[in-house]
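Bear in mind that the values in this text are calculations on the coordinates, not laboratory data. Not measured: the values here are computed from a predicted model. Here the Cβ positions follow ideal geometry from the backbone for every residue, glycine too, while neighbour counts run over all protein chains shown.
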């Protein structure tokens with residue numbers, strides 16, 4: 001996938017992008033069929049204009065420092081491309097491999113855990129990059145830098161995703177080793193959710209978790225909420241999982257508070273991101289000494 005990302009960067013350098021704020025504009029070369037379409041939200045385009053006007057007034061040394069961080073940050077979009085690619089591999093294998101087809105619900109559940117693992121890794125990598133960048137780029141507002149990094153990585157992802165999709169439509173995914181894919185997803189599932197930990201899903205264990213949750217046990221509610229969220233051991237129901245996790249968090253479960261805080265910064269629960277509620281739960285967890293919650297709060301602060 002890193003080699004693939006190099007192709008994406010090459011595409012960015014060679015293609016004449018014509019993206020306008022608020023619209024998805026095709027990228028056309030030599031008046032042929034559009035190669036890609038990019039969507040740039042108006043607020044992102046405006047923020048990028050501010051960045052560009054400030055960047056041109058920096059020294060060459062300062063510009064070089066920023067470009068190095070920009071490259072590191074954009075590379076983390078490769079993780080999002082891996083998620084998209086894996087999803088298409090599952091789709092392909094569900095149509096071609098009887099083993100995966102018969103247990104598709106299970107592998108989709110495994111994929112959700114794998115996706116959470118990759119997203120957690122991406123958050124960690126971006127947090128480390130930002131921490132270094134804040135120390136070395138005091139000559140430019142960190143909020144402006146964050147906006148530019150997000151803008152750049154989003155373009156890389158959009159181009160990369162469309163290339164992945166194009167490869168799928170051209171039949172390139174016929175090279176997929178479905179047996180290896182199934183093993184990869186199984187192994188990811190065994191490692192468990194990066195913020196929730198591994199939860200046993202044997203029938204007797206699930207029954208015990210349900211009993212504990214019914215009796216108002218915070219840990220039991222947390223584990224049940226995670227199972228409902230991922231679909232492991234119980235029917236997948238993100239909405240019900242959210243309700244159960246909130247009950248656990250209100251009971252003081254640090255893990256539930258962390259999951260809610262991190263999850264509310266994305267559409268993890270099937271609802272729009274809510275930074276205000278995310279902060280509320282992260283502050284609760286951080287107050288209990290949770291280092292991951294404290295790090296996530298720092299990341300939220302940089303987005304202000």
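Overview of results
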{"read-out": "Packing-based order for 269-279, 239-249, using average beta carbon neighbours within 10 Å, highest first", "value": "239-249, 269-279"}
{"read-out": "Whole-number Å³ per residue for the convex hull built on Cα positions in the range 112-216", "value": "179"}
{"read-out": "Linear extension gain, residue 215 paired with residue 131, 0.36 nm per residue minus alpha-carbon span", "value": "26.0 nm"}
{"read-out": "Computed label-point distance, nm, for sites residue 60 and residue 45 using a 7 Å Cα→Cβ extension", "value": "3.4"}
{"read-out": "Projected-area mean, the range 166-275, by convex hull of Cα positions, square nanometres", "value": "8.6"}
{"read-out": "Cβ-Cβ FRET estimate between residue 190 and residue 121, R0 fixed at 22 Å, reported to 0.05", "value": "0.85"}
{"read-out": "Cα centroid separation - the range 252-304 against the range 123-189, whole Å", "value": "21"}
{"read-out": "Neighbour-count order for 181, 58, fewest beta carbons within 10 angstrom listed first", "value": "58, 181"}
{"read-out": "Label-to-label distance, nm, for residues given as residue 165 and residue 243 (7 Å Cα→Cβ offset)", "value": "3.4"}
{"read-out": "Extension reserve of the residue 141-residue 91 stretch, reckoned as 0.36 nm per residue once the Cα distance is removed", "value": "13.7 nm"}
{"read-out": "16 Å reach of a label modelled at residue 71, 7 Å along Cα-to-Cβ, counting backbone N of the range 140-159", "value": "153"}
{"read-out": "Ellipsoid equivalent to the range 126-166 - semi-axes via the Cα gyration tensor, in Å", "value": "27, 10, 6"}
{"read-out": "Linear extension gain, residue 99 paired with residue 204, 0.36 nm per residue minus alpha-carbon span", "value": "35.2 nm"}
